[in-house]
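These notes are about the structure you will find just below.
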Amino acid sequence: MRTFPVRFAATLAFFGALTVFGTIGYRVIEGWSLLDALYMTAITLTSVGYEEVHPLSETGQGFTMFLLVGGITGIGIWFALITAFIVEIDLTDLLRRRKSEKELVRMDDHVVICGAGRTGRQVIEELVAAGQPFVVIERERSTIEELYRALPEALVIAGDATLDHNLVEARVAHARALVASLSADADNLFVCLSARHLNADLLIVARAHEEQALDKMFRAGADRVVSPNVSSAVQMASFILRPSVMSLVDVMAHSGDLSLRLEQAEIPSTSPLAGQTLMDAAIPQRTGLIVIAVEKDTYGERQFLFNPVASTRLDAGDELIVLGEPEQVETLRRYVGS
């Protein structure tokens, strides 16, 4: 498909050269005016079958037959080019759909992104950087094409995310998380309801434009709700009150050169760290990471222990919140056995 513009330009150049050649030929051979010569060249190259502008000499007849061969050849090339372009588009879409269907069957523990607009694209960029598999559900064809240009290997389902069969095709029942980032709050609400029904353990993060939609999203099954208006206001105030801290956070979030990231790692029941203290685990010494917090289950509620002391006990199911490089985080995950 990338070669089509080149072939198209070459075909136009071929017809343009024949047109100039024919016009000059008729003027020289028959002595016609520029308009008569151009008109005769045009009806000859297109084989429309009109009568000659003026009677032709024998030399002019031979020249006309030569132009006819060139015109028929050019028209054949033109139709072949258009046909190949259409077939290539259909074949590319067919192969892409079949590849997506095969990969979707094997998808597990992935993220489903409903809506590939501005917010959805930012989420996709973060998931790509983290190496997290994902599936996108998007109904706008132009948005899908834009996504494919940026990520040719992306798995995309062309359809409405509010319809259950598209969520089923995205294997929501086997996914670890879902992002509802559609343009309308009502659509995100429907997605939350359907996704929660299909997977009770799914982590659902939804976007709400209006503040009054926040509580509705939670009632519909969302675990986290993000409101751009609220978060933007808080961020603006934070830049005024804590400029240095927010500048660091902003650099960490948007700089491609800074490799430090906040990450999490769960301690499974089979982990050798389960039952040990932070001092015994020696995470900074073994991985180079900084332990920012430990999320623990306290009487059925998840609570954070910020800046945990060395005597903090690590239990199965705890989440370690750490700061460091991606390679160090992978070392930690192998260390804890998650």
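The values are calculated or read from the model by the stated rules, or taken from the named source; none is laboratory data. Computed from a predicted structure; not experimentally measured. Neighbour counts run over all protein chains shown; Cβ positions are idealised from the backbone, glycine included. Just the protein is used for accessible areas: all its heavy atoms, side chains included, with ligands, DNA and RNA removed. Shrake-Rupley method; radii C 1.70, N 1.55, O 1.52, S 1.80 Å.
From helices alone, the chain scores -17500 deg cm²/dmol at 222 nm; the rule is -39500 (n - 2.57) for each run of n ≥ 4 DSSP H residues, then divide by the residue total. Can you give the extra length, in nm with one decimal, that the chain gains between residue 262 and residue 99 once fully stretched, where that is 0.36 nm per residue apart less the Cα-Cα distance? Extending this stretch completely gives an extra 55.3 nm. For the chain, the per residue solvent-accessible surface stands at 60 Å², with DNA, RNA and ligands left out and a 1.4 Å probe. The mean sequence separation of alpha-carbon pairs under 8 Å and at least six residues apart, normalised by the residue count of the chain, gives a relative contact order of 10 percent.
Near residue 312, the amide H atoms lying under 5 Å from its own belong to 278, 279; only residues 5 or more places off or on other chains count, and H is placed 1.01 Å from N. By accessible area, using a 1.4 Å probe on protein heavy atoms only, the chain has 60% of its surface on carbon and sulfur.
A value for Kirkwood radius over Cα pairs in Å was derived from the coordinates, and within the list (i) 21.3; (ii) 20.6; (iii) 25.6 it appears as (iii). For a straight C-alpha distance cut-off of 12 angstrom, the aspartates and glutamates reachable from residue 102 (same-chain residues fewer than eight places away being disregarded) are 169.
In the chain, taking the dipole from charged Cβ atoms about the Cα centre, the farthest positive-side position among 227, 264, 240 is held by 264.
Computed from the Cβ-Cβ distance with R0 of 45 Å, the FRET efficiency linking residue 46 to residue 108 stands at 0.15.
Summary of packing: across the peptides 186-194, 137-145, the per-residue average of other C-beta atoms within 10 Å ranks them, highest first, as 186-194, 137-145. Taking a straight Cα-Cα cut-off under 12 Å and skipping sequence neighbours fewer than 8 places away in the same chain, the aspartates and glutamates within cross-link reach of residue 99 are 153. Counted over the stretch 253-338 with a bin width of 5 Å, the fraction of Cα pairs per bin, in whole percents, is 3, 15, 26, 27, 16, 7, 4, 1, 0. With R₀ fixed at 35 Å, the C-beta to C-beta distance from residue 282 to residue 6 puts the FRET efficiency at about 0.05.
What the phi angles of the stretch 76-82 give under the Karplus curve with 6.51, -1.76 and 1.60, with θ = phi - 60°, is a coupling list of x, 4, 4, 5, 5, 5, 5 Hz, glycine and proline written as x.
Between 52, 169, 211, the Gaussian network model of the chain with springs among Cα atoms under 10 angstrom shows the greatest mean-square fluctuation at 52. Less than 18 Å from a label point 7 Å out along the Cα-to-Cβ axis of residue 77: which backbone N atoms in the stretch 1-41 qualify, by residue? Hits in the stretch 1-41 for residue 77 at 18 Å: 3-23.
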